[in-house]
Every structure is written in structure tokens, then in C-alpha cells.
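Accompanying notes for the structure given below.
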Amino acid sequence: MGSFSIWHWLIVLVVVLLLFGRGKIPELMGDMAKGIKSFKKGMSEDDADDTKTVEHRSDETVNSAKEKASKS
């Protein structure tokens, strides 16, 4: 019951081809690939923004520490 034979997979493949057609499946896969690439690009841009923010804050901390040290 848990495993499928080759015949089960062939029937599923035929049904999918009948529902979507030969031309629609590559189009759907292309759209899915574009979505994944866009998601990865967005995640990498988000990480870059976080890194810049952390670096900027550390510079402010260093500058404020220098000011406090010079005032003392």
C-alpha cells in the first residue's frame, strides 16, 4: 500500500499530461524556477542589508566610545 509500481506512476503521468498538455508543463516549471531565483535574490539582498546595518551600528559604538574616552 505504501509503495507505487511503475504502472501507478505512468497513469499519473498520463493524467497530468492530459490535464495540462505538453506545452503548459515546461511553462509552469519555468515560472517556478523564476520564483525560486527571485526568492533567493531577495534573501541575499536582505542579508546584505542586515550586514550593512550591523557595521553602521558598530561604527557609531566605536565613535561614541572614543568621545567618552576623550571627555574623561
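Filter the range 1-47 for residues that are surrounded by 10 or more Cβ atoms within 10 Å (Cβ to Cβ), among the hydrophobic types (A, V, I, L, M, F, W, C) and at pLDDT below 85 and give the result.
Once the filter is applied, which keeps residues that are surrounded by 10 or more Cβ atoms within 10 Å (Cβ to Cβ), among the hydrophobic types (A, V, I, L, M, F, W, C) and at pLDDT below 85, the range 1-47 yields F4, F20, I25.
Tell me which residues, restricted to the range 18-46, are over 18 Å from the mean Cα position of the chain (by Cα) and of a type in the set (F, W, Y).
Within the range 18-46, just F20 meets the criteria.
The values are calculated or read from the model by the stated rules, or taken from the named source; none is laboratory data. Here the structure is a predicted model, which is why all the values come from computation and not from measurement. When we count neighbours, we look across all protein chains shown, and the Cβ atoms used for this are built from the backbone with ideal geometry, even at glycine.
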